[in-house]
Ligand code: NAI
């Protein structure tokens, strides 16, 4: 397999821009595409600001910051992915939409291009089944915020060629991340082992055993997690994490450990989805997290 020099990123939201950031910082050329041209423009602007701040803090030279930005090209059509050696998908968490995208990508890229999905909860095997060459497809599950969360799950679907996962793992190391290989099971590792903390935390709150803030404080200070479940749900945002909870629950045939809670259903419907909305389990004002009255 030729050395990866150009990576395509489809989906310029929170995850896509993070993947673009670490790839460009590692010297890769990045083609960033989104059905929304505004999302691509916003992602490039956010990357510019990120690199400017890193340069101000002395973590990157001004020249390196400029060079990194120059390596991120805005793609205006999927066909702009044609010269990529890897395309990483970070679009909406829906199997039908991801399958359509992967099938369309196969018509654009070369035969040996790797197609990777950043899905949190969907089956890699099911996504790959939309492709003529499912062996080129694997999972590449980064965490939010990508630049700071240095682990990535590399997931082998039932038909993934092992060397595809090997190449993604090697690429992750080039980007300063630690790859962890997982099998294609619902939630892979983190959203399988870690999801229980969210669902149990929600049950503790639902049974009025303790408040959201109390649960978070205990999990942080006593159990040693960097964030409690409600802080984490606010960071991820319920529009992203609620469908993941539902999907994992269904895929494990209604396993009670993974059952979502009406607490998140109601909050999602009401727009109290997390930090990005200014309000979730906490209220965010002037960059500060506050416990609602
Ligand atoms: P987001 O909502 O911030 O961004 C998704 C972007 O995809 C949007 O800009 C949207 O316009 C674009 N998009 C939707 N359909 C498209 C299509 N067919 N073609 C091209 N662009 C399309 O979502 P986020 O948070 O970046 O998540 C993306 C993926 O990453 C999801 O699969 C999610 O489950 C996964 N993920 C999210 C994490 C998180 O904490 N936010 C963590 C790990 C994985």
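Here are the numbers:
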{"read-out": "Residue ranges of strands (runs of 3 or more DSSP E) in the stretch 21-119 with at least 1 members within 21 Å of residue 133 (Cα to Cα)", "value": "86-89, 114-117"}
{"read-out": "Residue match in the stretch 62-73 (condition: within 9 Å of the ligand (Cβ to nearest atom) and either in contact (Cβ under 8 Å) with a residue 40 or more places away in the chain or under 17 Å from the mean Cα position of the chain (by Cα) (or both))", "value": "no"}
{"read-out": "Subset of the stretch 149-162 that is surrounded by fewer than 20 Cβ atoms within 10 Å (Cβ to Cβ) and in contact with a helix residue (DSSP H, G or I) (Cβ under 9 Å, 6 or more places away or on another chain) - its residue that is modelled with the lowest pLDDT", "value": "149"}
{"read-out": "Helices (runs of 4 or more DSSP H) contained in the stretch 151-266 and holding at least 1 residues closer than 19 Å to residue 89 by Cα", "value": "162-174, 190-193, 229-236, 238-251"}
{"read-out": "Count - residues of the stretch 7-27 that are more than 20 Å from residue 143 (Cα to Cα) and in contact with a strand residue (DSSP E or B) (Cβ under 6 Å, 6 or more places away or on another chain)", "value": "0"}
{"read-out": "Residues of the stretch 234-249 satisfying the condition of being within 14 Å of residue 192 (Cβ to Cβ) and either without any contact (Cβ under 8 Å) to a residue 60 or more places away in the chain or over 19 Å from the mean Cα position of the chain (by Cα) (or both)", "value": "245, 249"}
{"read-out": "Residue in the stretch 48-61 that is in contact with a strand residue (DSSP E or B) (Cβ under 7 Å, 6 or more places away or on another chain) and within 16 Å of the ligand (Cβ to nearest atom) present", "value": "no"}
{"read-out": "Yes/no for residue 109 being within 16 Å of the ligand (Cβ to nearest atom) and over 22 Å from residue 247 (Cβ atoms)", "value": "yes"}
{"read-out": "Leading residue by the ranking (nearest to the chain's Cα centre (by Cα)) among those in the stretch 260-279 that are exposed (fewer than 15 other Cβ atoms within 10 Å of the Cβ) and within 20 Å of residue 208 (Cα to Cα)", "value": "265"}
{"read-out": "Number of positions in the stretch 15-43 that are within 16 Å of the ligand (Cβ to nearest atom) and surrounded by fewer than 19 Cβ atoms within 10 Å (Cβ to Cβ)", "value": "7"}
{"read-out": "Qualifying residue in the stretch 214-232 (condition: surrounded by 19 or more Cβ atoms within 10 Å (Cβ to Cβ) and within 12 Å of the ligand (Cβ to nearest atom))", "value": "yes"}
{"read-out": "From the options 195, 257, residue that is exposed (fewer than 14 other Cβ atoms within 10 Å of the Cβ) and over 30 Å from residue 4 (Cα atoms)", "value": "257"}
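The values are calculated or read from the model by the stated rules, or taken from the named source; none is laboratory data. Bear in mind that the values here come from a model prediction, so they are computed numbers and not experimental data. Cβ: placed from backbone, ideal geometry, glycine included. Neighbour counts: every protein chain shown.
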